[in-house]
Every structure is written in structure tokens, then in C-alpha cells.
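The values are calculated or read from the model by the stated rules, or taken from the named source; none is laboratory data. None of these values were measured; they are calculated from a predicted model. Neighbour counts run over all protein chains shown; Cβ positions are idealised from the backbone, glycine included.
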Amino acid sequence: MTDVMPERPARRLKTWSSLGKLRRLPSEYEIVTHGMNYTTRTGRFAALESNPTTPTNMWFLTYRDHSPLRAEDWSGFRDPDELTYRKYVTIQDEQETVVEGILDEYGPLAHDQSLEPEWIEFLSTVFTPTRFPAHALQMSTAYMAQMAPSSYITNCALFAGADLLRRVSLVAYRTRQLNDATSGVAGIGVREREVWQAHEAWQPARQMLEYLLVAYDWGECFTAMNLVVRPSLDSVLLTQAAELAHAGHDELTWLLLSNLAADWARVERWSTGLARHAIEQRGENREVMLHWIDRWAPRADAAVSSLAGLLAAVPGGPDQGEVVANAVAARDRVIAAAGITG
């Protein structure tokens, strides 16, 4: 009688088996990020555990699952900075310490009282109203986080939304400083909403952001905002405005804007990384994103061109065409880094 060898018992799955065949211990970043988006769980019939034809489930089906921007494995994307909540809070705590030091240093020096009236007018027209477009970008970023097809993307967007909340808060704080320094004579702290809603130079940007708020497809929202709108606007409102502040001896505004630019640099890194991952997963995604870029670039150009006139109007300010060219170059650099164009 032939002896029958007993079957070898199946190996027990490790706690981190859902991450695939890593052949290594997962990082802290992977442990706290992987598979945390409930609406993309394995074996689901719909995004949420309700009738698949409910409006919310149909929304996810239409604007995420059936998005033209598709990939076999969105969870293969990784944030280049590998941000976790703990790491993000640590970084931003350090940033806020820097900001607090800047404010403490310049506060007692009566810095704002020494600013020229023309520069105060620029701040009241271009800088202090930026909490409105920043809030619109924050809402769009929060929407993208909700609709993202992977928790790795969701977390990136959530941290980007927190960055924008930080920007809104810092601009509001600086607005109060300037209001105190000018005794409200320049309208700072009083007329920002009016400027945002009625000033001719802001209207193309406002129209663009209102369209962005109804860009429901998650892929279009990501492409429009992170590859077109933010590179264009932040070139003007952060980078070039900071340079103008430095030239105009407003060191406080220059330092604060330079500090905020670090937040955008981090968003740029993961945005270009996500775009490259999408193209690696499916070559057709390059044309999909290029189609959306072609749709949104004219809106961004109109917004930038209109705002550029305000920078050019400052005594000693740059040429309007130079401001526009710098913004377009900043956007083109991001798109090229994303692997969409050469």
C-alpha cells in the first residue's frame, strides 16, 4: 500500500498581505494609507452599501468609476513625500513656527506703516482677496479627495486641502495686520469680497474657479486644478507676487508668500507623480489629460493675463507680458514633468 503524503497546510496570510507581494515589511506610510478608501473596497457592488442606483452611488459610478482617466491599479501610486498624518503635522508645525517667528520679528518694527500707498493698494487688490480663490481651490481639492479611486490619492488631496486652509488662515491674519496698520483707510479687511466679486481684473479667475467647482469627473478635476489652474495662478499670486513684494521692500509679505510656496511645491511633486503613474498604467491617459489641459489652459491664460495687469501697474513692476509668460512657463514645466508633453 502506497503511503500518501499529507498535504502541506496553506501558509497563513500575513497582516499586510493586502498590499501584494512586497517581500518586505511595509513602511509606516503604506500601513496607514493602503486600502483606507471605503468606497473602493474589494468585492463591492457599489461605492456605498446601499442600492447601487441611489444618487450617490450613481455619482461615484459616473464621475469616478467611468471616468475617462482609468487605470488597472491606482493603488500602485505612491506619494513621493510619503506623507502620513503624523509626518504632515510635524512638517506644518515647523512651518508655522517659522511663520510665527517672522510675524514676531516684524511686528514691533512698524513694518506695515512704512509701506508706500501704491503698494498698500496692490495688497488690498491682489493679496488680501486671495483667501477667496484659495477657499474655492480648497473645496475642489476636498471634492477630489472624496472621489479619488485610491486612498493613496485621497490622502494627498486631503493634505493639499489642509495646505489651502492654512493659506486662507494666514492671509486672513495678514489682512488683519494690514487693517490695523492702515486704520482701514485702504479698505483692507473691509472690501475683499467686493474686490473678488466685482473688480474687473479678478473676474476671469473667478469664472474659471466657478467652472472648476463643477468639474465633477475626478480625473478632470485633478488635471484641471493640479496641472493647469494651480500652476498658473500660484505663479502669479505666490511666486511673482513674492518677488514684487521683495522688490518693494515688503519683506514680511515676501517671506510669508515664500513660506506658502513650499506647500505648492509638495503638491506639484505628487501631482506630476500621479499623472506619470496614470500614463504608465494606460498609455491612452496621456491623450485624456491633454484633452482636458487644452480645455482649461485658455481659461487659465485669461485669468493670468487679467491679474498680470495689476502686477504691471505697481511702480517698478514687471511687464504684463512677462508675468503671463512666467505663468505659462510654470504650467508647461509641470505638464512636462507629468510626462504629458515632451
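Numbers at a glance
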| item | result |
| --- | --- |
| Any chance M139 is crowded, with 20+ Cβ neighbours inside 10 Å and under 23 Å from the mean Cα position of the chain (by Cα) | no |
| Enumeration of residues in region 279-326 that are among the hydrophobic types (A, V, I, L, M, F, W, C) and under 14 Å from A201 (Cβ atoms) | A302, A303, V304, L307, A308, L310, L311, A312, A313, V314, V323, V324 |
| Residue list for region 72-82, filter: crowded, with 19+ Cβ neighbours inside 10 Å and part of a loop (DSSP other than H, G, I, E, B) | F77, D79 |
| Test: residue in region 94-106 that is among the β-branched types (V, I, T), without any contact (Cβ under 8 Å) to a residue 40 or more places away in the chain and on the phi < 0 side of the Ramachandran plot | yes |
| Condition met for S67 (of a type in the set (G, A, S), more than 24 Å from A241 (Cα to Cα), in a helix (DSSP H, G or I) and over 19 Å from the mean Cα position of the chain (by Cα)) | no |
| Residue within region 115-135 that is in a helix (DSSP H, G or I), among the basic types (K, R), in contact (Cβ under 8 Å) with a residue 12 or more places away in the chain and farther than 27 Å from L307 by Cβ present | no |
| Members of region 23-60 that are among the hydrophobic types (A, V, I, L, M, F, W, C), in contact with a helix residue (DSSP H, G or I) (Cβ under 8 Å, 6 or more places away or on another chain), without any contact (Cβ under 8 Å) to a residue 60 or more places away in the chain and in a helix (DSSP H, G or I) | V32 |
| Qualifying positions in region 236-262 - under 24 Å from E82 (Cβ atoms) and either aliphatic (A, V, I, L, M) or modelled with pLDDT of 95 or more (or both) | L260, A261, A262 |
| Residue match in region 262-271 (condition: out of contact with any Gly (no Cβ under 7 Å at 6 or more places or on another chain), farther than 21 Å from T223 by Cβ, in contact (Cβ under 8 Å) with a residue 12 or more places away in the chain and not polar (S, T, N, Q)) | yes |
| Residues of region 22-64 satisfying the condition of being more than 26 Å from the chain's Cα centre (by Cα) and of a type in the set (D, E) | E49 |
| Residues being more than 24 Å from E284 (Cβ to Cβ), modelled with pLDDT of 95 or more and hydrophobic (A, V, I, L, M, F, W, C) - total across region 313-342 | 7 |
| Conditions (1) of a type in the set (S, T, N, Q); (2) exposed (fewer than 15 other Cβ atoms within 10 Å of the Cβ); (3) not in a helix (DSSP H, G or I); number of the one not met by T90 | (3) |
